[in-house]
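Where a number appears in this text, it was derived from the coordinates with a stated rule and is not lab data. What you are looking at is a predicted structure, and each value in this text was computed from that prediction instead of being measured. Note that we place each Cβ from the backbone using ideal geometry, even for glycine, and neighbour counts take in every protein chain shown.
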């Protein structure tokens, strides 16, 4: 049982480049979400999805896109990377009325 | 506007003693509170939760206390063990995972 799998673990981008952070879960969870963790800020919600074909914005959605074509996958796209997007990104999923299960994170540096 | 605050960035305790981690919140709509534990290079993992209808929830060495009037919760670990050394995040929600807010975390170090 792999749980929530994120790839890549590390990424360095130049300003203006685009990339996709991958997230997959094998627990058949309907709810999936993306967070960023910054020093002194805790975890902040970027986007979330309550099921395939349904996505919505969280606290800090600007500069990011998501899609949910299957229950298992929830990729996060950076359209034009900026230094302010340097962060650690966590994907999470949950079943109904249950706590979040997190992946191990992607550490992104934008230079 | 941080709705969930953990005012102590770090805490150091001796093995066998009690660890007390504190968390304050401002939104009176929050009715479900959780603690997550995070080791380096891993994602947060769920530790314990409490709903607003209770003031205490216990799971082994871990107990969470909720004081709704003070908008304060705390996590007690007794006895503390070196394996408990991690960053602990407090989280609160008003019923949905998409409105959950996290504190900035407290790094606990348990010394042998």
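Here are the numbers for this structure:
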{"item": "Of all residues in the range A:43-55 being surrounded by fewer than 21 Cβ atoms within 10 Å (Cβ to Cβ) and within 14 Å of chain B (Cβ to nearest Cβ), the one that is nearest to the chain's Cα centre (by Cα)", "result": "A:44"}
{"item": "Elements of type strands (runs of 3 or more DSSP E) contained in the range A:11-111, each with 2 or more residues being closer than 28 Å to residue B:90 by Cβ", "result": "A:19-25, A:31-38, A:42-51, A:54-57, A:64-66, A:87-94, A:106-110"}
{"item": "Residue that is farthest from the other protein chains (Cβ to nearest Cβ), among those in the range A:1-28 that are under 16 Å from the mean Cα position of the chain (by Cα) and over 22 Å from residue A:50 (Cβ atoms)", "result": "A:18"}
{"item": "Members of the range B:73-106 found to be out of contact with any strand residue (DSSP E or B) (no Cβ under 7 Å at 6 or more places or on another chain) and either within 16 Å of residue A:36 (Cα to Cα) or not in a loop (DSSP other than H, G, I, E, B) (or both), listed by number", "result": "B:83"}
{"item": "Unmet criterion (only one of (1) part of a loop (DSSP other than H, G, I, E, B); (2) touching a residue at least 24 places away in the same chain (Cβ under 8 Å)) for residue A:5", "result": "(1)"}
{"item": "Evaluation of residue A:32 against (1) within 24 Å of residue A:111 (Cβ to Cβ); (2) facing chain B (nearest Cβ under 10 Å); (3) touching a residue at least 60 places away in the same chain (Cβ under 8 Å) (one fails), failing number", "result": "(1)"}
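Table: residues versus (1) farther than 24 Å from residue B:107 by Cβ; (2) touching a helix residue (DSSP H, G or I) at 6+ places or on another chain (Cβ under 7 Å).
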site: A:70; (1), (2): yes, no
site: A:76; (1), (2): yes, no
site: A:84; (1), (2): yes, no
site: A:88; (1), (2): no, no
site: A:94; (1), (2): yes, yes
site: A:97; (1), (2): yes, no
site: A:100; (1), (2): no, yes
